[in-house]
Amino acid sequence: METAASAPAFSLAACSAALEAALRGPGCADGRVWFKESSGRNLKSRDWIAPRAALSKLYPRGQVPEDLIERLLSEYRHRLYIQSCKQTGSGLAILMDHPALFTHVLGNMLLYTRPLKVLSAKKKCVILNCAPLQENKGSESLTVSHLRTILLVDHLAEVLRQQGWEVHITPNLALKTSVYNFLKLLRVTWPCTQQTTSNEEAVSNFKKILSESVYTQLGKDKASSNQAQNMLPEDVLFKVHLKQFVKDKELEGYDANLDMALVKEEALRQIAELQHKVEKENAEDGLVIHVVGCEEEFQQQKIDLLWRILNTSRDRVTQKHLVCGSVKVIGESSHINAVQYFQFRRSQMQEASVMKYGNLVQGDSWTEIICSMTSATIRFELLATAHRTPVNLDLTQAVNISTKGTKSGAFVMYNCARLATLFDHFNKSVQQGLYPKFPETSQLNFSALQEEEVLCQTMQSLSSTKGIRLTINTETVCKFLVNLSIDFSSYYNRVHILGEPLEHLFNQMFARLQLMKALREVFHTALGTLHVTPPSQL
């Protein structure tokens, strides 16, 4: 028999798949059979239900043969923590062994929060190219749409690392520049360098390749006639026929309006930096994802195709595009840039904190809390929507740090602070001798937990349709944290976790505290992918 310590991580998805397979034989009809119970009243008697209507498509009158139920119990009772499986008037019902499941999940939280192990000998490599930062302008040129793209890169990089990918971000930022300092305020982890890498040799080689390419219609080089040179604008080096290249290579997914590209030196330098990153990280067989706003998508496709033309080596990188919808700011401040947006939200957070806590809001610790809360608020505002979907940002609405009805990053942070305060009160009570020390998990009796526990595992995948565009569920973590906060807030307001200091109540209190410990670990792990530090007080 598998023990709690040796059993693999439990997930509802795996449980559903196993139960579906158990009731189906070769040639059985398609369609879902099992459903997870969600009604509080029904959860007292069942966790899963296979309705009679669904079973009638598989078995006469919807009656599952008893020998099949016995085989299901024999094979899955311990693996899926099944207490009973019975035929009822509603269908086949499964009740789970909640204490055993709680013991496994709450006693082995590392199974659910640690990064995935890499099984392959060589890590999968991905380079995230943040297009808005390629031109290396000052922070005042960053729009709120640009900020959404930057935060998405920062989050996606951390999520992919936890899934076993080797992740590299480009471009590098020069230290102490206005952009670097601004991103640091936002807790954005970005690669930086003391000095810019010189790619003059690569740019020179690119010019030579383009001057000899069959796709170059006009170019400024020594062999060109004066007449040809005069036909190009002063800052344009080449005129390249991208449409013909797409046709010849039978490439799919590119904008049908792509035709001629007027190639400037800046484009060649951007491609040289990308090529340098690929060569430096030995990522010739890796994946390059251009993360770009919808406003710059057309231009980034030109960069993509030019790189394909210039990359004459046998090993070609795979290029994909992750496109972010625009951010429309509503209200009187509709024309603010990214820095002004941060300053605006930070001033609102400062004001809201003073209104709630008065003179306590002062000193370095509160400065850190307000900055962290602002960073969290901005991330949830910009990342909680699917990346292709535009975001309407209403700055006329003040930041809300209360517990009532908000679904923002501030709400998530507030509930993290409630957890921190809960354990702070417990530890102080232990020091005062009111409660005994927290026992080992193996000594806890989780039959004291009557609430349903659901562990949600979010999955990020690099899945794409045919072509160049990627679809990644980058909004999943934000939505998960908001929903988790709503559930926790409801539980916290309904259940008295720290009970009276009476010996017969200690086991129930410790079981609930262990649940809160696990919840805290999930919060912190998920927030870590957003580079948000949970507050210890609020």
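The values are calculated or read from the model by the stated rules, or taken from the named source; none is laboratory data. Just so you know, these numbers come straight off a predicted model, no measurement behind them. Glycine also receives a Cβ, built like all others from the backbone with ideal geometry; neighbour counts cover every protein chain displayed.
A Cβ distance below 7 Å, combined with a sequence gap of six or more or placement on separate chains, defines the contacts here; from region 490-510, residues that are at pLDDT below 85 reach residues that are of a type in the set (A, V, I, L, M) and in a helix (DSSP H, G or I) in the pairs 499/505; 499/509. Exactly one residue among 227, 300 is modelled with pLDDT under 90 and part of a helix (DSSP H, G or I), and that residue is 227. Looking across region 242-270 at every residue that is in contact with a Leu (Cβ under 9 Å, 6 or more places away or on another chain) and of a type in the set (Gly, Ala, Ser), the one that is surrounded by the most Cβ atoms within 10 Å (Cβ to Cβ) is identified as 261. Checking each residue in region 387-422 for being more than 15 Å from residue 524 (Cβ to Cβ), buried (at least 17 other Cβ atoms within 10 Å of the Cβ) and at pLDDT 90 or above picks out 387, 391. Scanning region 282-297 for residues that are assigned to a loop (DSSP other than H, G, I, E, B) and crowded, with 16+ Cβ neighbours inside 10 Å yields a total of 2. Each residue in region 430-450 was checked for being modelled with pLDDT under 75 and among the hydrophobic types (A, V, I, L, M, F, W, C), and 4 pass.
The residue that is surrounded by the fewest Cβ atoms within 10 Å (Cβ to Cβ), among those in region 489-538 that are part of a loop (DSSP other than H, G, I, E, B) and among the aliphatic types (A, V, I, L, M), is 502.
Exactly one residue among 203, 167 is at pLDDT 85 or above and part of a strand (DSSP E or B), and that residue is 167. Within region 64-93, the set of residues being of a type outside the set (Phe, Trp, Tyr), out of contact with any Cys (no Cβ under 7 Å at 6 or more places or on another chain) and either assigned to a helix (DSSP H, G or I) or surrounded by fewer than 13 Cβ atoms within 10 Å (Cβ to Cβ) (or both) comprises 65, 66, 67, 68, 70, 71, 74, 75, 86, 88, 89.
Being of a type outside the set (Asp, Glu), buried (at least 20 other Cβ atoms within 10 Å of the Cβ), at pLDDT 90 or above and more than 23 Å from the chain's Cα centre (by Cα) is a property that residue 142 lacks.
Residues in region 170-186 that are touching a helix residue (DSSP H, G or I) at 6+ places or on another chain (Cβ under 6 Å) and either part of a helix (DSSP H, G or I) or modelled with pLDDT of 90 or more (or both): 6 in all.
Can you say whether residue 461 is of a type in the set (Gly, Ala, Ser), under 29 Å from residue 375 (Cβ atoms) and modelled with pLDDT under 85, as far as the supplied structure shows? Step through it out loud before you land on a result.
Numbers: of a type in the set (Gly, Ala, Ser): yes; under 29 Å from residue 375 (Cβ atoms): yes; modelled with pLDDT under 85: yes.
Criteria met by residue 461.
Taking region 417-446 as the search range and keeping residues that are over 32 Å from the mean Cα position of the chain (by Cα) and among the aliphatic types (A, V, I, L, M), which one is farthest from residue 373 (Cα to Cα)? Filtering first and then ranking leaves 444. The set of residues in region 275-297 being at pLDDT below 90 and of a type outside the set (S, T, N, Q) consists of 276, 277, 278, 279, 280, 281, 283, 284, 285, 286, 287.
The number of residues in region 326-375 that are hydroxyl-bearing (Ser, Thr, Tyr), outside any helix (DSSP H, G or I) and over 27 Å from the mean Cα position of the chain (by Cα) comes to 2.
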